[in-house]
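The values are calculated or read from the model by the stated rules, or taken from the named source; none is laboratory data. Since the structure is predicted, the reported quantities are computational estimates derived from the model, not experimental observations. Cβ placement follows ideal geometry from the backbone for every residue including glycine, while neighbour counts extend to all protein chains displayed.
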Amino acid sequence: MIEYLQQSYEVILLSSPGLAWEQIRIAHPNVKCVEVCMERRISLMKDLKALWILWHVFLREKPAMVHSMTPKAGLLCMLAAWLARVPVRVHTFTGLVFPTSVGLKRRVLMATDWLTCACATHVIPEGEGVKRDLMSHGITKKDIRVLGYGNVRGIDLCRFDPSLNYCLNYDFGCRSNCVGKSTGSLTFIVVGRLVGDKGINEVVAAFVRLYQEYPIARLVLVGGYEECFDPLEPKTLEAIERHPAIHAVGVQHDVRPWFAISDVAILASYREGFPNVVIEAGAMGLPQIVTDINGANEIIEDGKNGIIVPSKNTDALYKAMMRMTDKELRDSLSKNARKMVASRYDQHFVRKCLYDFYKEIL
């Protein structure tokens, strides 16, 4: 969005440090960048320090608007912007954690989301599901609306094009003949963090069961582990390590070649805001199995471009994967996949929605 917004605005970027942040700074040397350390998890002293720094940044820069994303940055930036009397304060909720939490953690998360909304002048939910949760749980009573069809980034349809030739530079070793459409196998793919919250335990268990009845099936897992935050179950890790048809290929900077060799994409997450990976897989023409959660159930229409199943349900996943062994069904869903994404999430359309919103509120 940066070049697009620079046509009309002076843009200042603010973020915690990290690899992605460094890549952005290198790619946009003419954009002013401000680095402020913000912890992902609750850390009272570090959070207060970050709030103090943000307040001083906003006092110094005197922005006409602060627009924040992600939960912690949203809370700190909206509060600091309110204290600094920034006239327009916008927060985008790209997902909500509290609906799947319980007990004290749930109450704390709801309170922080309420405070974020209270400090913001405008709230953008990324999708109708996020909007419903914010309204129904009393997080805000402000007039909030979804921009376009609910995605914040959009998709570059020229880049995610199934008709292009993609080069997959990966050594599968002795199992190299197990992956790829050309081998005659049925390849399922999961792209995302390999953690419990993403439903990886259920996916692996369902696949192991499927493989017993359909031994040409293959499962490719694209993403990294997070042992500290949400580790997988030991039996899941063992299956990933030992199963001859499960390939954990780690973090990949370009997921397009992996989609290109796959037949079906799976998102088994417990919660999302608006999953970009479902849009990307759809743009690549893949039929999908997704859980019935915010965002995913707005991109996928059951029986039209994919199958929707309950979350945390291994048996439902297994049955959906077994249904996908029917090539006629896969072809039918695939025909609708790309055109449905193109009609709603084209990058130019998504950018225009945000650009028009900025013009309206400024």
Of the conditions (1) farther than 27 Å from residue 6 by Cβ; (2) under 21 Å from the mean Cα position of the chain (by Cα), the single one that residue 72 does not satisfy is (1)
Worksheet item: Is it true that some residue in the stretch 24-33 is in a helix (DSSP H, G or I), buried (at least 16 other Cβ atoms within 10 Å of the Cβ) and β-branched (Val, Ile, Thr)?
Response: no
Going by what's in this entry, would residue 46 be described as over 24 Å from residue 125 (Cα atoms) and surrounded by 13 or more Cβ atoms within 10 Å (Cβ to Cβ)? yes
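Of everything in the stretch 89-112 that's part of a helix (DSSP H, G or I) and either β-branched (Val, Ile, Thr) or not assigned by TED's automatic domain parsing to the domain that holds residue 135 (or both), which residue is nearest to residue 79 (Cα to Cα)?
112
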The residue from 318, 345 that alone is closer than 30 Å to residue 1 by Cβ and hydroxyl-bearing (Ser, Thr, Tyr) is 345
Open item on the list: Residue under question is residue 232, and the condition is that it be closer than 11 Å to residue 194 by Cα and crowded, with 20+ Cβ neighbours inside 10 Å; does it hold?
Closed with: yes
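Identify the residue in the stretch 149-169 that is under 17 Å from the mean Cα position of the chain (by Cα) and part of a loop (DSSP other than H, G, I, E, B) and, among all such residues, is surrounded by the most Cβ atoms within 10 Å (Cβ to Cβ).
Per the stated criteria, the residue is 151.
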Checked the stretch 37-83 for anything without any contact (Cβ under 8 Å) to a residue 12 or more places away in the chain, part of a helix (DSSP H, G or I) and within 15 Å of residue 109 (Cα to Cα); matches are 44
